[in-house]
Amino acid sequence: MMDIALPPDPPFRAITDLIREHARARPAQPALLAGDARLSYAELDALMDRVAASLQRDGLKPGDAIATCAHTSPRYAAVFLGALRAGAVVAPLAPSVTATSFASMLSDAQARWLFVDGAANDLLPAADDTLCRIALDTKTPGLPFEQWLAPHPLHSSHVGAGTIRAHH
């Protein structure tokens, strides 16, 4: 039997870099769609930069954690990907858990930022000075996303792929 040499695997590519490449090559192409909400690749890339820059402005260091608890939406995805671009660890928390489980997972994540929408309203802990709560919609208590978000145009200090923390 003859050994066949396979080509080497392509080098690892971070999803945040791939989105930036798509934004440059196909800026108007839709990247994220959910109901009436949509973001082109250029809009997604710019929003990811703004999220990353906002986190870095607020003191995020590579390896620091953010937590999310929200319905799926282009804004949620942009926050998730922007945090990865900044080098954050992302802890997506399920809105289907009990308030006690949510509090435990949030504590375990050691997140300094919590991004939430109405999906988390029944789970949210009392105000906490060590946690910045950012509301992704207008119905949830916390700092409004648009108010928290760094102005456009801004570029973050690109750190890398980031990490995802899974909670079971």
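The values are calculated or read from the model by the stated rules, or taken from the named source; none is laboratory data. Everything numeric here is computed off the predicted structure, so don't read it as measured data. Reconstructed Cβ throughout: ideal geometry from the backbone, glycine too, with neighbour counts over all protein chains shown.
Some observations on this one:
- Among all residues of the range 72-90, there is at least one that is touching a Ser or Thr at 6+ places or on another chain (Cβ under 7 Å), basic (Lys, Arg) and in contact (Cβ under 8 Å) with a residue 40 or more places away in the chain.
- Residue tally, condition assigned to a strand (DSSP E or B) and either surrounded by fewer than 20 Cβ atoms within 10 Å (Cβ to Cβ) or aliphatic (A, V, I, L, M) (or both), over the range 64-80: 3
- Selection count where residues are charged (D, E, K, R) and in contact with a His (Cβ under 9 Å, 6 or more places away or on another chain), scope the range 23-62: 3
- Of the numbered criteria (1) under 24 Å from LEU39 (Cα atoms); (2) part of a strand (DSSP E or B), the one GLN147 fails is (2).
- Residue satisfying all of: in the range 124-161; surrounded by 13 or more Cβ atoms within 10 Å (Cβ to Cβ) and of a type in the set (S, T, N, Q); modelled with the highest pLDDT among these: THR140
- Residue in the range 103-121 that is more than 21 Å from ALA88 (Cα to Cα) and part of a loop (DSSP other than H, G, I, E, B) present: yes
- Remark: ARG20 matches the filter, which requires a residue to be without any contact (Cβ under 8 Å) to a residue 60 or more places away in the chain, out of contact with any Pro (no Cβ under 6 Å at 6 or more places or on another chain), crowded, with 18+ Cβ neighbours inside 10 Å and more than 19 Å from TRP113 (Cα to Cα).
- Within the range 81-119, tally of residues that are surrounded by fewer than 21 Cβ atoms within 10 Å (Cβ to Cβ) and not aliphatic (A, V, I, L, M): 12
- Comparison of ALA91, ALA42, ALA31 shows that the only residue that is assigned to a helix (DSSP H, G or I) and of a type in the set (A, V, I, L, M, F, W, C) is ALA42.
- Flag if ASP45 is loosely packed, with under 15 Cβ neighbours inside 10 Å and of a type in the set (Asp, Glu): no
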